[in-house]
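Chemist: Just passing along the structure, written as structure tokens.
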Amino acid sequence: MSRLAQSAFVPAVRREARPAGSDSPDEICPVCKSSRYLNPNLRFLVNPECYHKMCASCVDRIFSHGPAQCPIAGCTRTLRKPRFREQTFEDLKVEREVDIRRKVAAVFNRREDEFEDTRAYNDYLNDVEDITFNLINGIDLEDTERKFADYERAHADEIKENAELESQEQSSYRVLQKKEREQIRLRREAARREEEEDKRLVEENRREQLRRLAAGQDASVVEKDGQQVQLKRRMDRRAAEERQRQLHARDAPPTPVTNGATPFIKGLKQRKGKEAEPPVDAFDGIRYKHQYYSLQDDYTYSFLDNAKKDARILAGGYNVHEYNERALADAFAGLGVFIADEVTERAKLSHDIEVPTEMAATEAQDVKMEDPV
Amino acid sequence: MGLVSPALDVPPEAERPNKRAKLEPLTEDTSQDTSRAVSPAPGGARHLDLAERLDAEERAKYVKGAKLGSGQYADVYSAHLKTDPSQLVAIKKIKVGAEFEQWGVSLDSIREIKFLQELDHPNIIKLYSVFSTKNQNLNLVLEQLPQGDLLKLIQDTADISYTPADIKAWMLMLSRAVHFCHVNHILHRDIKPNNLLIAANGEIKLADFGLARYMADPYEPMTYNTITIWYRPPEMFFQSKFYSGKVDVWSCGAVFAELIARDVMFRAIPDTEINMINLICEKVGTPTEDNWPGVSKLPTYTVPSPPTPLKSADHWRAMFPSVGPTGVDLLMKMLSLDPRKRLSAQEVLEHDYWTAEPRPSRLEDLPRKGGGLEAMGEELTKMGGELPGNGKPTASRGRADGVARKLDFAAMAK
Ligand SMILES: Nc1ncnc2c1ncn2[C@@H]1O[C@H](COP(=O)(O)OP(=O)(O)OP(=O)(O)O)[C@@H](O)[C@H]1O
Ligand SMILES: [Mg+2]
Ligand SMILES: [Zn+2]
Ligand SMILES: [Zn+2]
């Protein structure tokens, strides 16, 4: 519910929040005259047929054997027991208005993305508000109710579809999101604590080592022991965590139901189910393969001889094999270019922003960005 | 002395002294345009040549907004497409400096443009276009990455906590980006947390290609004076001019360690080469002919004595417990002293760490700066509400924007 709904429409004081024990008229059942003062358990119910209030035991007594006329003097409505409910709002007028709004909203449940633009959507909201206003205030009641019923009949399928979408969004999206946020928060919190604990252990261990060194023990032994101690502590903790995890696995939240193939209206985010995640591919599906040549392990070429054995070159990590690969890539780069394709491709591009995407080797050699040494 | 760009202590190199030295920006309205002194045509309309016209056209497509940040050699501004204000970009305006005087252009920006043009990868920042303004200031139109950089997350220990799964997700994105560079024969040479920008969806983007270069041909020397000093591999401290993609892998390893410990792994203070070598010896082990054959032949090989033996796997595990044994194994192999034993970017991606538990976090689950309030705002816009108290027009353009309040009676608790 939006904040606005709270502040503008919903009265701040709810029934439960009211101090009990006053003797005001709404504390007395108009039918049997029981008063909340004498009977603190007295519950009042209303029926949206006429919104006349009476106590729960009167409802039981009068309507348990089937529909009956409202017992309030002058009211001729026929009421059914199942429709009685507790009053949500202090003011019965508000109670009734909310009911009407709920009913209207259930039928006029078009979604913003069904409209061409914001303007059209706003117009629609305005029309709906007119209808609502008429229903609440009894203006052109017959006409409005007929229009309402016509609309409901004409758009039954869409209404149902939108209602489903809405409830899916409500449950799968909002709830799920909240749950996930909470889980992420917990995980972060745990990670932070673990981080602190690790820091503490490292520090403690360091101090212990220093103490032993100061006490004149052999440095290499001390260091080795230190690592052992640290590792052991961690292992202990890991084991404890693992036990915890297994304990909790039992009451893990059920995996969310995914939305399957529901035809979604555009613009809605669909949440992916957790199991649907494919295994991690570090290469992200990209495989770099030479198309036009295969690379040999070695090439006999006197120019390269020195680079293959000079320690000053090798020890820095320079790799002749990589050079061979690069040289071949450069040499064959042109083969992958089909000018006719490029021309058609270029013609298709709208030239708004030119995003150059050529790969390196194809035109690499024109300006060589050498380091000046 | 704070974070110093590697370039500041570059010894004068033949044609390019003071690479990336602090540069003074020329202000936009400085009108003396010596290089292209074209007298204004009658009526004020200036005659433009073709290149100038194309520049002007490109520039006219964007509306420049607030400054997003500034670095050693550039200021970065937010901007949007004139035709579609929802299309945000970042315009990186290269400062004009001494290098410009000599070359007519900043070489770093040429590198950046050249390499970014060639690289199209989800974890590498995108360059959309380039134009110059009347002072011949170069402007790079980049994708806008509004969530700051990885350094900010690492340092915000008070408000941001993250899990081993988050670290794995970030490292995986970084490793893919680096692998992609190397497959395209490009060395980045400035990998560090503040060059890893974060996109709105949480993706990591490798940025700042101002120090990148192609891998060298045999015998072609490369500069050893590059990569921000804390992230620089040992072979460069020994002034090797012949190296490989493994230099970037070392930087990635240092970033990995920093993500775990939330502290720079090799933070020598003051950050001199000597202190860095000593620190690496202390934390990893001393490079010797035993563990790194040939190292003593490198130009400036000197190490403190007595040598520290290589740290054991147990030691590494005790230092970096949270990523588990496979994570530590990967870290050790990325921070291997001998570049030939160090994993290549390809081998990094082949490591078991990525497929081991836990799974890398999904993008939407990654922590981000200011996550709390923003996340709440997002939730509220979705429901058609308002952000409490926050009167300023936020950038949140959720679906309820501009829509008359629709109260959700149908969903109200019955
Ligand atoms: N695409 C972008 N979107 C949003 N902010 C950006 C973007 N690019 C850069 N910035 C901001 O501008 C700052 C400077 O950018 P960048 O690192 O590219 O410049 P630089 O001159 O190379 O800096 P340095 O050499 O000091 O690292 C960054 O720290 C970041 O805050
Ligand atoms: Mg930078
Ligand atoms: Zn009664
Ligand atoms: Zn009645």
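Chemist: Using only the Cα atoms of segment A:108-182, what are the Rg and Dmax in Å?
Modeler: Rg, Dmax (Cα atoms, Å): 15.9, 50.
Chemist: Taking the beta-carbon count within 10 Å as an exposure proxy, list A:Cys55, B:Cys181, A:Cys75 from fewest neighbours to most.
Modeler: By the 10 Å Cβ count, ascending, the order reads A:Cys75, A:Cys55, B:Cys181.
Chemist: What is the diffusion coefficient of segment A:81-208 in µm²/s, taking the Kirkwood radius over Cα pairs and the Stokes-Einstein relation at 37 °C with a viscosity of 0.692 mPa s?
Modeler: For these conditions, the coefficient is 169 µm²/s.
Chemist: Tell me, B:Asp108, B:Asp338 in order of fewest to most beta-carbon neighbours within 10 Å?
Modeler: Ranked by crowding around the Cβ, least crowded first: B:Asp338, B:Asp108.
Chemist: So, how do all the Cα-to-Cα distances of segment B:207-271 break down into 5 Å bins, in percent, from 0 on up?
Modeler: All Cα pairs considered, the percentages come to 4, 15, 25, 25, 17, 8, 4, 1.
Chemist: Net charge near A:Glu164, counting Lys/Arg +1 and Asp/Glu -1 over other residues with Cβ under 13 Å of its Cβ?
Modeler: Combined, the nearby Lys, Arg, Asp and Glu give -3.
Chemist: Related question: Rank the residues B:Trp354, B:Trp230 as a footprinting-exposure proxy: fewest other Cβ atoms within 10 Å of their Cβ go first.
Modeler: Result, fewest neighbours first: B:Trp230, B:Trp354.
Chemist: Another question, then. Can you pull the Kirkwood radius for segment B:152-284, inverse mean 1/r over Cα pairs, to one decimal in Å?
Modeler: With all distinct Cα pairs of segment B:152-284 included, I get 15.6 Å.
Chemist: Checking the table B:Lys67/B:Lys369; B:Lys205/B:Lys369; A:Lys308/B:Lys205; B:Lys64/B:Lys192; B:Lys82/B:Lys152; B:Lys92/B:Lys246 against a 25 Å threshold on Cα-Cα, which pairs fail?
Modeler: A:Lys308/B:Lys205; B:Lys64/B:Lys192; B:Lys82/B:Lys152; B:Lys92/B:Lys246
Chemist: Also, quick follow-up: Could you give the distance between the Cα centres of segment B:218-243 and segment B:256-270, to the whole Å?
Modeler: What the calculation gives is 20 Å, centre to centre.
Chemist: Mind listing the long-range amide H neighbours of B:Val130? Cut-off is under 5 Å, sequence gap 5 or more, other chains count too, H placed in the peptide plane at 1.01 Å from N.
Modeler: Under 5 Å from the amide H of B:Val130: B:Val141.
Every read-out reported here was derived from the displayed coordinates using simple, explicitly stated rules and does not represent laboratory data. Predicted model only: the values in this text are computed from it and were never measured. A quick note on method: Cβ atoms are made from the backbone with ideal geometry, for glycine too, and the neighbour counts reach across all protein chains shown.
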